[in-house]
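Undergrad: First, the structure itself, so that you have it in front of you.
Every number in this text was worked out from the coordinates using simple rules, so none of it is lab data. A quick note: this is a predicted structure, and the numbers were derived from the prediction, not measured. Glycine also receives a Cβ, built like all others from the backbone with ideal geometry; neighbour counts cover every protein chain displayed.
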Amino acid sequence: MTVQSSGAPDGADTRVDFYSLTRGELEEWLQRECGEPPFRARQLFQWVYWRRVTDVLQMSDLSRGLREQLAARLYFPQAGIDSRQISTDGTRKYLLRVEKDDRIECVFIKQPKRNTLCVSSQVGCAMGCRFCRTATMGLRRHLSPSEIVRQVLLAIDDAKEFGDAFENLVFMGMGEPLHNVENVIKALEIIRDASGLNISGRRITVSTSGLVPAIERFGAANLDVNLAVSLNATDDETREQVMPVNKRWNIAALLQALREFPMKPRRCITIEYVMLGGVNDRREDLVRLPKLLHGLRAKVNLIPYNMNAGLGFTTPSKERILEWQHALLSHGLSTTIRWSKGPDIDAACGQLATATSKVTKIRAERAYEAPSESTL
Ligand code: SAH
Ligand code: SF4
């Protein structure tokens, strides 16, 4: 949470990264460090998240003394867009520079009715799914709450330049959000906070490959956001082959955790199913899937496999995918197909990677202030 100060004589710095604090943590910090009452946290949140004022000296409803104290002790890392690629379908993929000079990607997906922002939760991913390009990076590190929150801030602000906004926020970019569950929970608290980014949990979806204890922890946090789960197979043998996480928590354990996941009425879990030709799109899979989901408040999202050269999978035909949708619908399962967006810029599901892939950079026209120690 603290950052190195370029100016501190002994190199030590106790400045706090504002974007990593939930409002509750900021209240505590203000009380402990400055003897200030809890409502100051709300004031500060609104200046930063509502008005985008990060120069504390301009926060006119705080006393001059407090402003000076806070200016010396709080730190607001600035956004750094390395590149912004724009697909012919309008989808925008951002390459962002984060702490430690790592790069992550976040994607603004243009859709006819509702635009969606897809954010990353880790640099790389440890889960090793065989069909996913992010897996080829391995895990470099977790993103901090600040790095997650700032992806959303940046996308909101950049979207204004295009005269648009997003309605849905999904944690389906690089990384396994529930492997980084504590930071994701904190980031979501800030994103949902009425004095923060004020995005309703109804519009947020966190996708997991199936880390059972973390699903329980996430449910207990009562964030009221939607859960999506990458099932991607209907038998343990196949799932183990394509998703090594299944060796630790098999399909039965995963489905049990989903049955126990706390949900408001009328909410349901999204079951994601990446369709891999000849691997998980067989007749028997189509028979088993509705049986597995029986009794679960779930809807299915079929994802045609997006090609990653060298990983050895194929995409089923369009007919096969539509056939699956019809069959599942006839079982009473609400089923949608996620046709890929931004394929010309490798912005689709499972195509995000920064350490190993070469991206054609289009420089962002907008200049972001990037202090030397900073970072997204
Ligand atoms: N780690 C989380 C979220 C990020 S991946 C998870 O796995 O759920 C987001 C979605 O993309 C997951 O459903 C995953 O199964 C899917 N995916 C990964 N690689 C893909 C590919 N090459 N084509 C289509 N979908 C892919
Ligand atoms: Fe990680 Fe999700 Fe890719 Fe699996 S599909 S490697 S969990 S990002």
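Undergrad: Want the number for T88 to R42: 0.36 nm per residue separation, take away the alpha-carbon distance, what's left? Walk me through the numbers before you get to the answer.
TA: Numbers: separation 46, 0.36 × 46 = 16.56 nm, distance 4.12 nm.
Fully extending the segment from T88 to R42 adds 12.4 nm.
Undergrad: Percent antiparallel among DSSP beta bridges with both residues in the chain, to the nearest 5?
TA: 40
Undergrad: State, as an integer percentage, the relative contact order of region 16-75 based on alpha-carbon contacts under 8 Å between residues 6 or more apart. Don't jump to the answer; show the numbers that get you there.
TA: On the way: 42 pairs, mean separation 19.5, N = 60.
33 percent.
Undergrad: Taking neighbour Cβ counts within 10 Å as the exposure measure, how do D101, D236 sort from fewest upward?
TA: Details: D101 8, D236 13.
Going from sparsest to densest Cβ surroundings: D101, D236.
Undergrad: What is the fewest-to-most order of L197, L231 by other Cβ atoms lying within 10 Å of their Cβ?
TA: Values: L197 18, L231 27.
Exposure proxy ranking, most exposed first: L197, L231.
Undergrad: Just subtract the alpha-carbon distance of D55 and R32 from 0.36 nm times their residue separation and send over the number in nm, one decimal. Numbers along the way, then the final one.
TA: On the way: separation 23, 0.36 × 23 = 8.28 nm, distance 2.20 nm.
Going from the current span to full extension adds 6.1 nm.
Undergrad: For the chain, give me every cysteine whose Cβ has no other Cys Cβ within less than 4.7 Å, ordered by residue number.
TA: By the Cβ distance rule, which asks for a partner under 4.7 Å, the isolated cysteines are C34, C106, C118, C125, C268, C349.
Undergrad: Once you put a point 7 Å from the Cα of K299 and another 7 Å from the Cα of A253, both along the Cβ direction, what distance in nm separates them?
TA: 3.0
Undergrad: Moving on. What is the sum of charges, Lys and Arg at +1 and Asp and Glu at -1, for the other residues whose Cβ falls under 12 Å from the Cβ of T208? Walk me through the numbers on the way to the answer.
TA: Working: positive: R217; negative: E176, E216, E272.
Charge balance near T208 sits at -2.
Undergrad: What lysines sit close enough to K318 to cross-link, taking a C-alpha to C-alpha distance under 30 Å and skipping anything fewer than 8 places away on the same chain?
TA: Partners found: K93, K110, K113, K291, K299, K341, K358.
Undergrad: If I take every Cα pair under 8 Å that is 6 or more residues apart in the chain, average their sequence separation and divide by the length, what percent do I get for the relative contact order?
TA: Working: 716 pairs, mean separation 72.8, N = 376.
Relative contact order of the chain: 19 percent.
Undergrad: Could I have the simple spin-label model distance between H331 and A220, label points 7 Å from Cα toward Cβ, reported in nm to one decimal?
TA: Calculated label separation equals 3.3 nm.
Undergrad: Moving on. Roughly how many Å is it from the Cα centre of region 165-210 to that of region 82-113, as a whole number?
TA: Centre-to-centre (Cα) distance: 17 Å.
Undergrad: Please find the FRET efficiency linking D164 to R282, where r is the Cβ-Cβ separation and R0 is fixed at 51 Å, and quote it to the nearest 0.05. Mind showing how you got there, number by number?
TA: Details: r = 41 Å, r/R0 = 0.80.
Between D164 and R282 the formula returns 0.80.
Undergrad: Among H326, H331, rank each residue by its count of other Cβ atoms within 10 Å, from fewest to most, as a rough exposure measure.
TA: Working: H326 9, H331 15.
With the sparsest Cβ surroundings first, the list reads H326, H331.
Undergrad: What is the Cα centroid distance between region 115-151 and region 282-303, reported in whole angstrom?
TA: That distance is 27 Å.
Undergrad: Treating only the Cβ atoms of Lys and Arg (+1) and Asp and Glu (-1) as charged, compute the dipole magnitude of region 16-75 about its Cα centre; round to the nearest 20 debye. Could you put the intermediate results ahead of the total?
TA: Values: 9 positive and 9 negative charges, 40 e Å.
Roughly 200 debye, rounded to the nearest 20.
Undergrad: A further question follows. Quickly rank 188-194, 109-115, 213-219 as a protection proxy: mean count of other C-beta atoms within 10 Å, highest first. Don't jump to the answer; show the numbers that get you there.
TA: Numbers: 188-194: 20.7, 109-115: 13.9, 213-219: 17.9.
The densest-packed peptide leads the list: 188-194, 213-219, 109-115.
Undergrad: From the residues Y49, A194, L231, which one has its Cα farthest along the dipole of the chain in the positive direction, the dipole being from +1 and -1 charges on Cβ of Lys/Arg and Asp/Glu about the Cα centre?
TA: Of the options given, the answer is L231.
Undergrad: Determine the shape class of region 73-211: with a ≥ b ≥ c the square roots of the Cα gyration tensor eigenvalues, call it rounded for a/c under 1.5, and otherwise prolate if a/b is greater than b/c, oblate otherwise. Could the numbers behind the result be given before it?
TA: Values: a/c = 1.29, a/b = 1.14, b/c = 1.13.
Rounded shape, in that the Cα axes give a/c under 1.5.
Undergrad: Let me ask something else. List every residue whose amide H lies under 5 Å from the amide H of D82, counting only residues 5 or more places away in sequence or on a different chain, with H placed 1.01 Å from N in the peptide plane.
TA: L95, L96, R97
Undergrad: Continuing with the same structure: Run the helix sum for the chain: -39,500 (n - 2.57) per DSSP H stretch of 4+ residues, divided by residue count, reported at 222 nm to the nearest 500 deg cm²/dmol. Walk me through the intermediate numbers first.
TA: Values: 10 runs with 107 residues, N = 376.
Helices in the chain give a 222 nm mean residue ellipticity of -8500 deg cm²/dmol.
Undergrad: Also, I was wondering about something else. Please say if region 10-144 is rounded, prolate or oblate, where rounded means a/c under 1.5 for a ≥ b ≥ c the square roots of the C-alpha gyration tensor eigenvalues, and otherwise the choice is prolate for a/b larger than b/c and oblate otherwise? Spell out each step's value before the answer.
TA: Numbers: a/c = 2.55, a/b = 1.80, b/c = 1.42.
Cα axes put region 10-144 in the prolate bin.
Undergrad: Another question, if that's okay. Sketch the reach of a paramagnetic label on N198 as a point 7 Å from Cα along Cα-to-Cβ, and name the residues of region 37-60 whose backbone nitrogen lies under 17 Å away.
TA: 41-53
Undergrad: Does the chain come out rounded, prolate or oblate by the C-alpha gyration tensor, with a ≥ b ≥ c the root eigenvalues, rounded set by a/c under 1.5 and, if not, prolate when a/b is larger than b/c and oblate if not? The partial results should precede the final answer.
TA: Numbers: a/c = 2.09, a/b = 1.71, b/c = 1.22.
Prolate.
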